[in-house]
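A.B. asks: Quick one: structure below, then a few questions.
The values are calculated or read from the model by the stated rules, or taken from the named source; none is laboratory data. Quick caveat, the model's predicted, so the values are computed rather than measured. Note that we place each Cβ from the backbone using ideal geometry, even for glycine, and neighbour counts take in every protein chain shown. Remember, those area values only see protein heavy atoms, side chains included, never the ligands or the DNA or RNA. Shrake-Rupley method; radii C 1.70, N 1.55, O 1.52, S 1.80 Å.
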Amino acid sequence: MSTGFERDPDEFARGARALVVYPDMGGSSRDAEARLEETAGLAAAIGVDVVERVAVRLRQPKPGTLIGSGQVEALAETVRDGELQLAVFDAALTPVQQRNLETALGCKVIDRTGLILEIFGERARTAEGRLQVELAHLDYQAGRLVRSWTHLERQRGGFGFLGGPGETQIEADRRLIRDRMARLRRELDQVSRTRTLHRDRRQRAPWPVVALVGYTNAGKSTLFNRLTGAEVMAENLLFATLDPTLRQIALPGIDKAILSDTVGFVSELPTQLVAAFKATLEEVVSADLLIHVRDIAHPDTEAQRVDVEKVLQEIGVSEQTPRFEAWNKLDLLDDEQREEVLAMAARRTDEVRVISALTGEGVDSLIEAVAGRLTEGHRRYTLRLDPADGAAAAWLHQHGDVIDQHIEDEQAVYEVRMAPRDYERFVTRG
């Protein structure tokens, strides 16, 4: 019976009939069904048709195929019976394991890292994003230059994880890949320097930066759009948006702030991607405040929180960076769940706000809390100006909260609440 490998490899990423396999080795914070559901969602994000889902219990991983021979035979039968073209393993496979499984199952095999890289390769829109994904892709593919299905391997659009490594990867030796990776790193270093210059300029302004972080599909982009009036892609889809977006917003007591929407995190985010997206994630590292958006309606919301905190730690975010948790998707909860969540949040009012980014419920409270946190170190100052000094008055209105102003002894007296660093900048301005 045909396994479907006669099809044009360009079609593999879209509409491929697939099997998702979760090798359950224990120790995961999620149950097997939840892992299968997430991986199926990742596959669906690039148009793969997940036909079968199988959890395989492992006592000890096998060096050659990860799973046992009997389990391999059972999966091969499932592939033949369903005429499947793809098997997605929710685990990290070595090149040897991947090749052996492809031979035994009679279909193309990718692991979790390859799947996420495929999604990133398809979704990256900016030049920087594509550079980052290509670097991660080359790092991943360096040990996978020789593949079993050589009769299919020609270049297709994108990066071709599902459609075959492509001629350039099959023919290239490791030296060429190293050279290409070195060039990409140099280009990304330049991007990073440019981004640092922009960030330094903002800090001299200075405008506080608020970064939205969270698990993929938690609703960051929906919240970003509501707060800024932007139209960033926001869909019920894993990794719906990749490229970072920054917009100016106004907050109570703060004339201007910068809101940053970043790539969503996921459990076991490939180390190649964490390294490649370092320039992008620097916006998170340098933020004045983080809003951790959580899908409070998801059954694994607590495990997702742990995964996000782990990635934040990996990229170097200080534990001292102020943060709020925005418990999102309140609109998806029934009355009983809603009351329970609201009661939990009430016990943590200093660090949690419950919202629905879709309907807007609770968003005003979140805005007030963010503004309060950013201005909590502000002090009240009395300043005397020449009434004709319009530039100085405008500066005070822009960088502080003018509480009162009046004329006294032919001088303009301002009562202003502002950050100490802004006060120092004002009195020492040239």
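A.B. asks: Collect the residues in the stretch 86-104 that are open to solvent by 10 Å² or more (accessible area, probe 1.4 Å) and more than 21 Å from Glu38 (Cβ to Cβ), keeping them in residue-number order.
C.D. replies: Thr94, Pro95, Val96, Gln97, Arg99, Asn100, Thr103, Ala104
A.B. asks: Within the set of pairs 6 or more residues apart or between chains, which connect a residue that is in contact (Cβ under 8 Å) with a residue 12 or more places away in the chain inside the stretch 363-387 to a residue that is open to solvent by 80 Å² or more (accessible area, probe 1.4 Å) and outside any strand (DSSP E or B) with Cβ atoms less than 8 Å apart?
C.D. replies: Val363/Arg226; Pro387/Glu410
A.B. asks: What number of residues in the stretch 297-317 are open to solvent by 20 Å² or more (accessible area, probe 1.4 Å) and in contact with a helix residue (DSSP H, G or I) (Cβ under 8 Å, 6 or more places away or on another chain)?
C.D. replies: So the answer is 7.
A.B. asks: Let me ask you something else. Quickly run through the stretch 33-53 and pick out the residues that are aliphatic (A, V, I, L, M), at pLDDT 90 or above and open to solvent by 20 Å² or more (accessible area, probe 1.4 Å). Steps first, answer last, please.
C.D. replies: Kept after step one, since they are aliphatic (A, V, I, L, M), are these residues of the stretch 33-53: 34, 36, 40, 42-46, 48, 50-51.
Retained after the next criterion (residues that are at pLDDT 90 or above): 36, 40, 43, 48, 50-51.
Listed by number, the residues that qualify are Val50, Val51.
A.B. asks: Which of (1) in a strand (DSSP E or B); (2) free of Cβ contacts under 8 Å to residues at least 40 places away in the same chain; (3) not small (Gly, Ala, Ser) does Phe324 not meet, given it meets every other one?
C.D. replies: Result: Phe324 fails condition (2) only.
A.B. asks: Which condition from (1) part of a loop (DSSP other than H, G, I, E, B); (2) touching a Ser or Thr at 6+ places or on another chain (Cβ under 8 Å) is the one that Gly26 breaks?
C.D. replies: That leaves (2) as the condition not met.
A.B. asks: May I ask you to list the residues in the stretch 321-355 that are polar (S, T, N, Q) and open to solvent by less than 50 Å² (accessible area, probe 1.4 Å)?
C.D. replies: If the condition is that a residue be polar (S, T, N, Q) and open to solvent by less than 50 Å² (accessible area, probe 1.4 Å), then Thr321, Asn328 are the ones that fit.
Each row is one residue, and each column tells you yes or no for (1) modelled with pLDDT under 90; (2) acidic (Asp, Glu); (3) in contact with a Lys or Arg (Cβ under 9 Å, 6 or more places away or on another chain).
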site	(1), (2), (3)
Asp364	no, yes, no
Leu374	yes, no, no
Tyr381	yes, no, yes
Leu396	yes, no, no
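A.B. asks: Restricting attention to the stretch 374-430, and to residues there that are among the β-branched types (Val, Ile, Thr) and open to solvent by 90 Å² or more (accessible area, probe 1.4 Å), which single residue is farthest from the chain's Cα centre (by Cα)?
C.D. replies: If we take residues in the stretch 374-430 being among the β-branched types (Val, Ile, Thr) and open to solvent by 90 Å² or more (accessible area, probe 1.4 Å), then Ile407 is farthest from the chain's Cα centre (by Cα).
A.B. asks: Residue by residue through the stretch 342-374, note down the ones that are of a type in the set (Ser, Thr, Tyr) and assigned to a helix (DSSP H, G or I).
C.D. replies: Ser365
A.B. asks: Search the stretch 401-415 for residues being within 11 Å of Gly253 (Cβ to Cβ) and among the aliphatic types (A, V, I, L, M), and hand back the single one that is modelled with the lowest pLDDT.
C.D. replies: Taking the candidates together, the pick is Ile403.
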